[in-house]
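Worksheet for the structure shown next.
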Amino acid sequence: MSTLSTEDKHIILDTIRDIPDFPKKGIIFKDITTLLNNPKGLKTLMNHLEERYKEYDLDYIAGIDARGFIFGSILADRLGVGFVPVRKKGKLPYTTVAEKYSLEYGFDEVEVHIDAFEGKKGARVLLIDDLIATGGTAKAASNLINKVEANCVECCFIAELTFLNGKESIDSPVYSVLEF
């Protein structure tokens, strides 16, 4: 299992911009758009993820709407496996299965197509997204993968806000490239 070298960690960290007071006062937003438009940073990240997951014998990568689509589709291509979008409610055109999760004030839902994993019971799936904060969306997406009889073997995040303890609520193993 590959771990990120100190040099590579700094290459990636140097491409992530902090935006103070966004989306509201007191929050320091971790902006990955600067990672995405930096060829060296993005390649360093994707090389690391490919090296880490090449021996996992994955069938699919599932990416959470919307930034998980970016990293997930690149990684799926590199590993030669299928990509499955996990979308917010009402965004997928075919029959779906949904999972609700709590928000600060209310609920939201994520969905996948009922045949997203082609009826392959036990399909080995890596779930990926850019950031884990409180873990609600990731937990719902992981549960959803398991609900359609696939197996969420790990949840991968580019960044984790460790002080929010989001990974504690997820039943699948969690790997975060960077921790803040």
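This table checks each residue for (1) in contact with a Ser or Thr (Cβ under 6 Å, 6 or more places away or on another chain); (2) hydroxyl-bearing (Ser, Thr, Tyr).
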residue	(1), (2)
LEU4	no, no
ILE11	yes, no
ASP14	no, no
THR34	yes, yes
PRO39	no, no
GLU55	no, no
ALA76	no, no
TYR105	no, yes
Tell me, which residue of the stretch 45-87 that is part of a loop (DSSP other than H, G, I, E, B) and free of Cβ contacts under 8 Å to residues at least 12 places away in the same chain is surrounded by the fewest Cβ atoms within 10 Å (Cβ to Cβ)?
GLY80
Could you please give the count of residues in the stretch 1-37 that are buried (at least 18 other Cβ atoms within 10 Å of the Cβ) and part of a loop (DSSP other than H, G, I, E, B)?
4
Output for the stretch 101-115, where each listed residue is closer than 23 Å to LEU164 by Cα and modelled with pLDDT of 95 or more
GLU109, VAL110
Search result, residues across the stretch 98-126 that are assigned to a strand (DSSP E or B), touching a helix residue (DSSP H, G or I) at 6+ places or on another chain (Cβ under 9 Å) and not acidic (Asp, Glu):
ALA98, LYS100, TYR101, SER102, LEU103, VAL110, VAL112, VAL125, LEU126
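Residue by residue, here is whether (1) in contact (Cβ under 8 Å) with a residue 40 or more places away in the chain; (2) of a type in the set (Ser, Thr, Tyr); (3) under 17 Å from THR96 (Cβ atoms) holds:
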residue: VAL110; (1), (2), (3): yes, no, yes
residue: ILE114; (1), (2), (3): no, no, yes
residue: ARG124; (1), (2), (3): yes, no, no
residue: LEU131; (1), (2), (3): yes, no, no
residue: GLY136; (1), (2), (3): no, no, no
residue: ASN143; (1), (2), (3): yes, no, yes
residue: VAL148; (1), (2), (3): yes, no, yes
residue: PHE157; (1), (2), (3): no, no, no
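The values are calculated or read from the model by the stated rules, or taken from the named source; none is laboratory data. Predicted, not measured: the structure shown is a model, and the values here were computed from it. With ideal geometry, Cβ positions are generated from the backbone for all residues, glycine too; neighbour counts draw on all protein chains shown.
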